[in-house]
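The values are calculated or read from the model by the stated rules, or taken from the named source; none is laboratory data. Keep in mind that this is a model prediction, so the values were computed, not measured. Ideal geometry is used to build each Cβ from the backbone, glycine not excepted, and the neighbour counts take in all protein chains shown.
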Amino acid sequence: MFANLRNLIRYRGLIQSLVARELKARYRGSVLGFFWSFVNPLLVLLVYSFVFTFVMPNKSEGLQPYALFMFCGILPWTWFSASLSEAAGSLISGGNLIKKVLFPAEVLPMVAVLANMVNFLLGLLILIPGLIYYHRLQMTPALLWFPVTVLVQLVFSAGLALVLASLTVHFRDIRDLLANILMLWFFATPIIYSWRQENVQRFKTLFDLNPFTHLAIAYQEILFFGPVGHWKWLLALGAGSVLLFLAGYWLFDRLRDSFAEAV
Amino acid sequence: MNAIELMNVSKVYRRYSGRHFATLKSALLQRSVLRDLQPSETFPALTDVSFRVPKGSAFGVIGRNGSGKSTALKLVAGITKPTSGAVRVEGRVSALIELGAGFHPEISGRENVFINGIMLGLSKREVQDRFDEIVDFAELREFIDAPVKTYSSGMYVRLGFAVAIHVKPDVLLVDEVLAVGDEGFTHKCLDKFSEFRRRGKTILLVTHSLQLVETLCDEAVWLDGGRVQTNGDPKRVTGAYLTAVEQGEQTLMAETTAKAVEAEAKAVPAAADEPADMFKSTEGRWGSREVEISEVALLDRKGEASFVFHSGDPMTVRIKVRAHHPTDDFVFGIGLFNADGVCCYGTNTYVEEMKPERLSGDGEARFAVDSLDLVEGTYKLDVAVHKKDGFPYDYHRLLYTFRVKSRQRDVGIYRPHHRWTFSSGIQFKAS
């Protein structure tokens, strides 16, 4: 297993070019092309701004502008959920490669996670000017937690992606199931509401069990609120994510030989 | 030194029958995840297969569809693992199994070449160095920046082939890819293979083209039903394979003929109800049966019943008859038709001016052809006994089928004995 894991590092050239291909191919043929990577988050931001400013205004103290607050969580969530749903189908849609070419299959879910990470980072270019404009982003050393948070999310997503990708080959239902689970998960995570609300705090234990809660809070603290008080949880999640990744890789490795036949 | 070694390799494919409706939910509810992942049925694709391919040689794998050829290739490529036994391969392998398998339709040929090359194990730098060579080989210079989805299937395959071959593998695996692409490109591929061999690289070729195996390969193996039937000299192996194919056809034709004769024998022997159109080629049997054809057999050179003949072989039609009453008015006739229903030849004892004198009891007539000068194809035979005026005793219409095989790909029906001669200005390479 660890020999194969080392291979993953050897394949970085392949992963790199596949991620580039993924990003290039995604918007090929559209008029705006690569700009969609910016336009998409911008449109989402505008929709949320409209809804939460005019339709159902949220005037909570300390969460203003509300759309910007939500955006701090929505952006990483989009990365997370898109990664998982793409990774789940990645082995099936890449079936030709697995069956006809000697190809390291684990590259495919990794590419799904990394391509979406690039989109996430591009989305930040929309978010950060907004944060600066409203004086929410503080230029303090606490910002150093940001890359740590991204890294934790990367490892966490990659671990789940490996599990989902390998199981989906055998149980195609996962793809449909996953869409619904992700929807539920989204609302169960303090993204479009604040975890500081009283009625959220009442269920604190339940929220603490949700790994993405800690990621969302970390992002919100780093980008929106300022002081980072959640770093212990973040590091714990980081350690858990490494274990998850290893477990996911182990499962993937065990099922590897069945892919070429079952895809 | 062997480049490829298969030692007692078996590959069992699992078939998950009944898994179509099994869902994750039911698997979890019934705690049958592990059980469902167990094979419910297995299918042996390869059984105890061993062969060696020496370094620098070309090795052919032949066999019918479903005989395990492609599985063997996938094992050598490392795409699947053997269930038991060992596969050992020396050096870098490139598999031409499905060309352009990794192409992404939306991006340009140029980008696909890079990604495909990297997938096949090259570094970016190596692809860069070989890029021009690849594009020239594929003859796609003017289209290289167009998205691959706009390519014709031929262009697609050419580019796939070009990338795969420029990986410069030590071992090249080829699975029936020469069937695609036009004549010119096929020749180019064959030239590339020859160049490969000159440089001491190894080729493993899976193909249905026996001619290719004979001309290109040093050795061959014939797989049937996942087992090695024979291996060694390609001429001998293809010969053995062809013989087996003929035997298979033989059995098939014997069955067809037996069925046709049986079906007609059951029909009530009505008197002389011959069909309105004698030239319409439908199978059937009619006649008064005063003289009955009890058996018809096609005999080969050795006098044994056969259904498959080679062009130029002798063939004898043996007709056994039984006359229920002695008669002096009888004609034996033979008609030969090709698969399109065209009459190739017809004759009878009357047109050949033989005067019938007496036919009684059991008898046997033989119609011997010294040399069956027909091109390859399936032929059918009319056999009849009738009166001089045409009144049928027993008419067997197209009931007997046989196959003529030929190594030559000539066309038409009749192959006259022939030879070519040329004046000194015209020369051919000695084959």
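Here is a yes/no grid of residues against (1) touching a strand residue (DSSP E or B) at 6+ places or on another chain (Cβ under 8 Å); (2) within 23 Å of A:Gln64 (Cα to Cα):
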position: A:Leu209; (1), (2): no, no
position: A:Thr213; (1), (2): no, yes
position: A:Glu221; (1), (2): no, yes
position: A:Gly229; (1), (2): no, yes
position: A:Leu237; (1), (2): no, no
position: A:Leu243; (1), (2): no, no
position: A:Ala247; (1), (2): no, no
position: A:Leu255; (1), (2): no, no
position: A:Glu261; (1), (2): yes, no
Task: Residue within region B:160-170 that is in contact with a strand residue (DSSP E or B) (Cβ under 9 Å, 6 or more places away or on another chain), surrounded by fewer than 16 Cβ atoms within 10 Å (Cβ to Cβ) and of a type in the set (D, E, K, R) present - done: yes
- [ ] Answer yes or no: is there a residue in region A:98-105 that is in contact (Cβ under 8 Å) with a residue 40 or more places away in the chain, crowded, with 21+ Cβ neighbours inside 10 Å, β-branched (Val, Ile, Thr) and within 14 Å of chain B (Cβ to nearest Cβ).
- [x] yes
Open item on the list: Taking the criterion of being crowded, with 20+ Cβ neighbours inside 10 Å, free of Cβ contacts under 8 Å to residues at least 24 places away in the same chain and either outside the structural domain of B:Gly78 (by TED's automatic domain parsing) or of a type in the set (A, V, I, L, M) (or both), would at least one residue in region B:144-152 satisfy it?
Closed with: no
Task: Residues located in region B:389-415, provided they are among the basic types (Lys, Arg) and at pLDDT below 85 - done: B:Arg407, B:Arg409
Open item on the list: Condition first: within 7 Å of another protein chain (Cβ to nearest Cβ) and of a type in the set (S, T, N, Q). Now tell me which residues in region A:8-30 satisfy that.
Closed with: A:Ser17
TODO: Scan region B:100-124 residue by residue and report those that are touching a helix residue (DSSP H, G or I) at 6+ places or on another chain (Cβ under 6 Å), among the polar types (S, T, N, Q) and without any contact (Cβ under 8 Å) to a residue 24 or more places away in the chain.
DONE: none
Open item on the list: Of all residues being facing chain A (nearest Cβ under 9 Å), outside any helix (DSSP H, G or I) and hydrophobic (A, V, I, L, M, F, W, C) in region B:104-156, which is farthest from A:Asn96 (Cα to Cα)? Just the residue, please.
Closed with: B:Ile107
Open item on the list: Could you go through region A:31-40 and let me know if any residue there is away from every other protein chain (no Cβ under 14 Å), touching a Leu at 6+ places or on another chain (Cβ under 7 Å) and closer than 25 Å to B:Val148 by Cβ.
Closed with: yes
Task: Candidates B:Val171, B:Val213, B:Val206, B:Val221 - the one that is closer than 25 Å to B:Ser123 by Cα and in the same structural domain as B:Ser70 (by TED's automatic domain parsing) - done: B:Val171
Open item on the list: I'd like to know if region A:125-144 contains one or more residues that are within 13 Å of A:Leu84 (Cβ to Cβ), more than 14 Å from every other protein chain (Cβ to nearest Cβ) and in contact with a Phe, Trp or Tyr (Cβ under 8 Å, 6 or more places away or on another chain).
Closed with: no
TODO: Kindly establish whether B:Ile62 is under 30 Å from A:Lys24 (Cβ atoms) and either modelled with pLDDT of 90 or more or assigned by TED's automatic domain parsing to the domain that holds B:Arg227 (or both).
DONE: no
Open item on the list: Test of understanding: among B:Val206, B:Val228, which residue is in contact with an Asp or Glu (Cβ under 9 Å, 6 or more places away or on another chain), among the β-branched types (Val, Ile, Thr) and more than 15 Å from B:Leu96 (Cβ to Cβ)?
Closed with: B:Val228
Task: Residue count for region B:364-414, restricted to those that are touching a strand residue (DSSP E or B) at 6+ places or on another chain (Cβ under 8 Å) and on the phi > 0 side of the Ramachandran plot - done: 2
Open item on the list: Can you confirm whether B:Asp182 is among the charged types (D, E, K, R) and at pLDDT below 90?
Closed with: yes
- [ ] Would you mind finding the one in A:Tyr48, A:Tyr66 that is buried (at least 18 other Cβ atoms within 10 Å of the Cβ) and either free of Cβ contacts under 8 Å to residues at least 24 places away in the same chain or touching an Asp or Glu at 6+ places or on another chain (Cβ under 7 Å) (or both)?
- [x] A:Tyr66
Task: Elements of type helices (runs of 4 or more DSSP H) in region A:171-263, at least 3 residues being under 22 Å from the mean Cα position of the chain (by Cα) and surrounded by fewer than 18 Cβ atoms within 10 Å (Cβ to Cβ) - done: A:173-187, A:204-209, A:231-262
TODO: Please state which one of B:Arg289, B:Arg322, B:Arg285 is at pLDDT 90 or above, among the charged types (D, E, K, R) and surrounded by 14 or more Cβ atoms within 10 Å (Cβ to Cβ).
DONE: B:Arg322
Open item on the list: Against the conditions (1) more than 14 Å from chain B (Cβ to nearest Cβ); (2) in a helix (DSSP H, G or I), where does A:Val111 fall short? Just the number, please.
Closed with: (1)
- [ ] Determine which member of the set B:Arg419, B:Arg415, B:Arg366 is touching a Ser or Thr at 6+ places or on another chain (Cβ under 7 Å) and not assigned by TED's automatic domain parsing to the domain that holds B:Ala297.
- [x] B:Arg415
Task: Matching entry among B:Gly60, B:Gly85 (being in contact (Cβ under 8 Å) with a residue 24 or more places away in the chain, surrounded by fewer than 22 Cβ atoms within 10 Å (Cβ to Cβ) and touching a Ser or Thr at 6+ places or on another chain (Cβ under 8 Å)) - done: B:Gly85
- [ ] Filter region B:81-103 down to the residues that are among the β-branched types (Val, Ile, Thr) and within 11 Å of another protein chain (Cβ to nearest Cβ), then identify the one that is farthest from B:Lys11 (Cα to Cα).
- [x] B:Val93
- [ ] Look through region B:63-80, keep the residues that are assigned to a loop (DSSP other than H, G, I, E, B) and within 11 Å of chain A (Cβ to nearest Cβ), and return whichever of them is surrounded by the most Cβ atoms within 10 Å (Cβ to Cβ).
- [x] B:Ile79
TODO: Give me a count of the residues in region A:122-153 that are within 17 Å of the chain's Cα centre (by Cα) and free of Cβ contacts under 8 Å to residues at least 24 places away in the same chain.
DONE: 1
